[in-house]
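This report refers to the structure that appears directly beneath it.
The values are calculated or read from the model by the stated rules, or taken from the named source; none is laboratory data. No experiment lies behind these values; they were computed from the predicted model shown. Backbone-built Cβ (ideal geometry, glycine too); neighbour counts: all protein chains shown. Ligands, DNA and RNA are stripped out before the accessible areas are found, and what is left, the full protein with its side chains, is counted by its heavy atoms. Shrake-Rupley method; radii C 1.70, N 1.55, O 1.52, S 1.80 Å.
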Amino acid sequence: MDTMELGDGNGIEVTVNSEINKLKITGSPNGNGNGATEQVQIAICGSLEQGVESVDAFSFFGGNKEKKENNTVAKEDDGDSKGFWGIGGGSKALMPVHKDSEVYNMNHPKRGRALILNHENFNSNLDLGRRYGTERDKMSLQQTFKTLGFDVSAFDDLSYHEVAKEVEKLAKEDHSNRDCLVLCVLSHGDTQLMYAKDYSYKPELLWQSFTADKCPTLAGKPKMFFVQACQGSQLDEGTKLVRVNRTETDSNPTSYRIPNHADFLIAYSTVPGFYSWRNTTNGSWFIQAICNVFNKYAQKKDLLSMMTIVAREVALFYESNTPSQPHMNQKKQIPFITSTLIRDVYLVPK
């Protein structure tokens, strides 16, 4: 019989009923001994042995317990945190691509939605300056993603509640006939903070509604997030590299399971803790590099390869020019890219 693993706990009784393919958990998930009782029933995928078996809670709640099978001892997988509470079984969604495919399926009838949240002006109580040049970024993104076949929507200076509403609305759309999703945010930011017009919010708000379990019509499809914002106030001085004489230049499954947080790309304009630069006339270094690279290479390079070029362009071809503020002059910037993509993404225009 297959076993499941849940977080730490005690006072829990788990019963598996093979005849109805149900699992019942009875007890106090917090193990607080106050007599509180909860019952949860979930369906178990696959066949079960006949009869009803009891499973001790230790196996379900983060224990690194050994189990004996046919007189052999096998170690079960265990997590690196305690107190995790999760009742498995998982969600279900349609399979958009073969399990062994090296590329995402970009042959749906539509490319997908691209949402741009542009913030130039902020309420006076936030004490944030006007973001001159962001209109240029918004227009560049609109043109680039329209060329790549996206259905583009752009909003200016939304409040926190409006941002949350637009993100949730997008997550609830039916993406069945779409290849992927893009969401771009242009705003002020700080360490683990983004700013709407009136309030700050955690950046997780932007993508937490698009995991495979919460947005099943995007399960197994690439979801791309591009964030132009500071992540702090540190300045990158850069380091000069000096040339030296010698260098180093010389199957077909019917189903499969994916993690809920697979298939994301989250690209920040700068690394955590550091300043992000924007030209008041030409737009931000990061967004302009994205548009230039995507326009040039989308026909022949995959997404992560293009983002490597974006990082290289921002790192090598840009430098702050603020002679009236010497302490901020000639500074550098490097984008920060996080990926849980499991295949290559090609954005060849439809």
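Looking at ARG131, is it open to solvent by less than 20 Å² (accessible area, probe 1.4 Å), farther than 30 Å from THR281 by Cα and at pLDDT 95 or above? Step through it out loud before you land on a result.
Numbers: open to solvent by less than 20 Å² (accessible area, probe 1.4 Å): yes; farther than 30 Å from THR281 by Cα: no; at pLDDT 95 or above: yes.
No; evaluated as a whole, the condition is false for this residue.
Within the set of pairs 6 or more residues apart or between chains, which connect a residue that is over 22 Å from GLY112 (Cβ atoms) inside the range 326-350 to a residue that is in a loop (DSSP other than H, G, I, E, B) and of a type in the set (A, V, I, L, M) with Cβ atoms less than 7 Å apart?
Every condition considered, the pairs that remain are MET328/LEU235; LYS331/LEU235; ILE334/VAL271; PHE336/VAL271.
Of the residues ILE309, ILE258, which is modelled with pLDDT of 95 or more and β-branched (Val, Ile, Thr)?
So the residue among ILE309, ILE258 that is modelled with pLDDT of 95 or more and β-branched (Val, Ile, Thr) is ILE309.
Out of the residues in the range 225-245 that are of a type in the set (A, V, I, L, M, F, W, C) and open to solvent by less than 40 Å² (accessible area, probe 1.4 Å), which is nearest to GLN208 (Cα to Cα)? Before you say what the answer is, go through the steps one by one.
Taking the range 225-245 first, the residues of a type in the set (A, V, I, L, M, F, W, C) are 225-227, 229-230, 235, 241-242, 244.
If we keep only those that are open to solvent by less than 40 Å² (accessible area, probe 1.4 Å) as well, we get 225-227, 229-230.
Working: PHE225: 11, PHE226: 15, VAL227: 15, ALA229: 19, CYS230: 21 Å.
Here the answer is PHE225.
Of all residues in the range 262-282, which are within 19 Å of MET224 (Cβ to Cβ) and either of a type in the set (Ser, Thr, Tyr) or part of a strand (DSSP E or B) (or both)?
Matches in the range 262-282: PHE264, LEU265, ILE266, ALA267, TYR268, SER269, THR270, SER276.
Please go through (1) under 20 Å from GLN231 (Cβ atoms); (2) assigned to a helix (DSSP H, G or I); (3) in contact with a helix residue (DSSP H, G or I) (Cβ under 9 Å, 6 or more places away or on another chain) for LYS296 and return the number of the only condition it doesn't satisfy.
Just one mismatch for LYS296, condition (1).
Are any of the residues in the range 306-314 surrounded by fewer than 19 Cβ atoms within 10 Å (Cβ to Cβ) and part of a loop (DSSP other than H, G, I, E, B)?
Checking the range 306-314: not a single residue is surrounded by fewer than 19 Cβ atoms within 10 Å (Cβ to Cβ) and part of a loop (DSSP other than H, G, I, E, B).
Does the range 192-205 hold any residues that are surrounded by fewer than 22 Cβ atoms within 10 Å (Cβ to Cβ) and either among the hydrophobic types (A, V, I, L, M, F, W, C) or at pLDDT 95 or above (or both), and which are they?
From the range 192-205, those surrounded by fewer than 22 Cβ atoms within 10 Å (Cβ to Cβ) are 192-193, 197-205; that's our starting set.
Across the range 192-205, the qualifying residues are LEU193, LYS197, ASP198, TYR199, SER200, TYR201, LYS202, PRO203, GLU204, LEU205.
Within the range 324-343, can one find any residue that is touching a Leu at 6+ places or on another chain (Cβ under 6 Å), at pLDDT 95 or above, within 30 Å of GLU237 (Cβ to Cβ) and surrounded by fewer than 19 Cβ atoms within 10 Å (Cβ to Cβ)?
yes
Taking the criterion of being among the hydrophobic types (A, V, I, L, M, F, W, C) and part of a loop (DSSP other than H, G, I, E, B), would at least one residue in the range 129-147 satisfy it?
No, the range 129-147 has no match at all.
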